[in-house]
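Read the figures in this text as sums done on the coordinates, not as results from a lab. It should be emphasised that the depicted structure is a prediction, and the values quoted were computed from it without experimental measurement. Because the Cβ atoms are built from the backbone with ideal geometry, glycine has one as well, and the counts that use them run over all protein chains shown.
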Amino acid sequence: MDVSNSESENALVRQTDTLVVGAGLAGLFLTRELCLQGQQIELVESRNRIGGRILSDPVGKVDLGPAWLWPPHQHVLGLLNQLNIPYFEQYASGHGLFETQQGIQRIPASHSDVSYRVKQGWQSLINRLLDDIPSQTLRNATQLIAVDKTQEGICATVKQGDNSIEKIAVKQLVLAMPPRLIADTVDFIPALDDSVIKTWSGVPTWMAGHAKAVIYTEHSSWRDKGHSGFVYSQKGPLVEIHDASDSSTHALFGFIGFDANQRSAMGKQVLEDAIKHQIQGLFEVEIKGIVIQDWSCEPETATNLDRISPSHHPRYGLHPTSLWNDRILLASTESAQQHGGYIEGALIAAKQALTTINSNK
Ligand SMILES: Cc1cc2nc3c(=O)[nH]c(=O)nc-3n(C[C@H](O)[C@H](O)[C@H](O)COP(=O)(O)OP(=O)(O)OC[C@H]3O[C@@H](n4cnc5c(N)ncnc54)[C@H](O)[C@@H]3O)c2cc1C
């Protein structure tokens, strides 16, 4: 990202102790903790909304990003309990279906261990964290584009929604954004070692290449017929489908099997029609609406490298997560030492950064 000299020179310079970049779960949680400790902090977010990969459909409240947490995710369970955010077990009563080109067979209700979903979607956790962050601390539509090492510390250059450039002098910078995005979109002066950039580029951003569909229905009638809503399909377009209903919503959600390039070639309408056809063939339900969220089309999450998704869950937390004597810290889920890629990892990464910030003081 190039900032022309004249633009850069005219930029307003402000100061803050800590600048957190990225208002996903990791950045928001860390900012909230630092605010509660009374520290001077700012949070900038490039999107016009907060939550990052966490996104619940504003109308139906079904999650378009992450849906589940599992019993080993103790940091998340602890936070939900502490903030009184209700969660419930993923519906898995009855039997599942296995769909192939040859037909449909019954299989056990679900393929995995017990999992939980958050009532009204994960956005409720994001909104609750925001309650404890003073409004002047957060700026949306503000993208970090460059980081300079200065004699006094660090100078972060951000581009705002109106394209104006601002410089912020900081003592501590936390990049709560995926390493691959940092490598792709942020300039460092002096330039970072090629090996660091190469390593960060090689860290897949978890689920960035995927697309999810939520299908709202008139009733959860599959339940009445003894179906759990779980489908494993070799036919598609949805390759895995689950019940997404709760007390006020009737819905299913599924992962789209086509990769990012195939999805772009198909176009949204063709994909939507194919999903409708598949769901009606499986459950004979009346469909009220479909929402498709394609994460590979969001430049604040995915780069071109993410258009091809890893075949397995990568081992995360192996890349450099601090620079310039710990004055720059990485803190997205991909930097977590355990549970990297998951929501749990986002909290662990934020807590790792918090420990370092407090020991740097
Ligand atoms: C479809 C899907 C399904 C998933 N399912 C699950 C699941 O069931 N369970 C589970 O545990 N996890 C799941 N995940 C993973 C989970 O969403 C992530 O682990 C978690 O949300 C990551 O949070 P984060 O704060 O680390 O990163 P992010 O949420 O990616 O936050 C990074 C933030 O940085 C911002 N940003 C980026 N660049 C800049 C910049 N230059 N300047 C300013 N801001 C910037 C972004 O806009 C974003 O808000 C899923 C993810 C997806 C996409």
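Residues Phe255, Phe283, ranked from the fewest to the most other C-beta atoms within 10 Å, line up as Phe255, Phe283.
Where both bridge residues fall in the chain, DSSP classifies roughly 65% of the beta bridges as antiparallel. Annotation: aspartates and glutamates with alpha-carbon distance below 15 angstrom to Lys171 (same-chain offsets under eight excluded): Asp17, Glu42, Asp148, Glu152, Asp326. At each listed q (0.11, 0.12, 0.17, 0.24 Å⁻¹), what is the log10 of I(q)/I(0) that the Debye formula gives for segment 106-220 modelled as equal alpha-carbon point scatterers? Reported log10 I(q)/I(0), two decimals: -0.63, -0.72, -1.11, -1.43. For the chain, the 222 nm mean residue ellipticity estimated from helices alone, with every DSSP H stretch of n ≥ 4 adding -39500 (n - 2.57) and the total spread over all residues, rounds to -7500 deg cm²/dmol. Ordering of 153-159, 138-144, 49-55, 128-134 by packing is 49-55, 153-159, 138-144, 128-134, highest average first (other Cβ atoms within 10 Å, averaged per residue).
Using a Förster distance of 41 Å, how high is the FRET efficiency between Gln15 and Leu318, based on the Cβ-Cβ distance and rounded to 0.05? So, using R0 = 41 Å, E works out to roughly 0.75. Report, in degrees rounded to the nearest 10, the 0 to 90 angle that the Cα long axis of helix 343-360 makes with the longest principal axis of the chain. Once rounded, one gets 20 degrees. Relative to the longest principal axis of the Cα atoms of the chain, helix 268-283 runs at roughly 40 degrees.
Among the listed pairs Lys212/Lys351; Lys159/Lys212; Lys61/Lys276; Lys61/Lys288, a Cα-Cα separation exceeding 26 Å is found for Lys212/Lys351; Lys159/Lys212.
Using only side-chain charges placed at the Cβ, +1 for Lys and Arg and -1 for Asp and Glu, the dipole size of the chain relative to its Cα centre rounds to 440 debye. Straight distance only, please: which aspartates and glutamates reach the Cα of Lys235 with their own Cα at less than 16 Å, same-chain residues fewer than 8 apart left out? Once the sequence-local aspartates and glutamates are set aside, what remains near Lys235 is Glu99, Asp259, Glu272, Asp273. Once the other residues with Cβ under 14 Å from the Cβ of Gly345 are scored (Lys, Arg +1; Asp, Glu -1), what is the net sum? Within the 14 Å Cβ shell, the charges total +1.
By the equivalent-ellipsoid construction on the alpha carbon gyration tensor, the chain comes out with semi-axes of 39, 21, 18 Å, ordered largest to smallest. Counted by Cβ distance under 15 Å from Lys149, the other residues give a net charge of -2, where Lys and Arg count +1 and Asp and Glu count -1. Computed over neighbours whose Cβ is under 13 Å from that of Trp70, the net charge equals -2, Lys and Arg +1, Asp and Glu -1.
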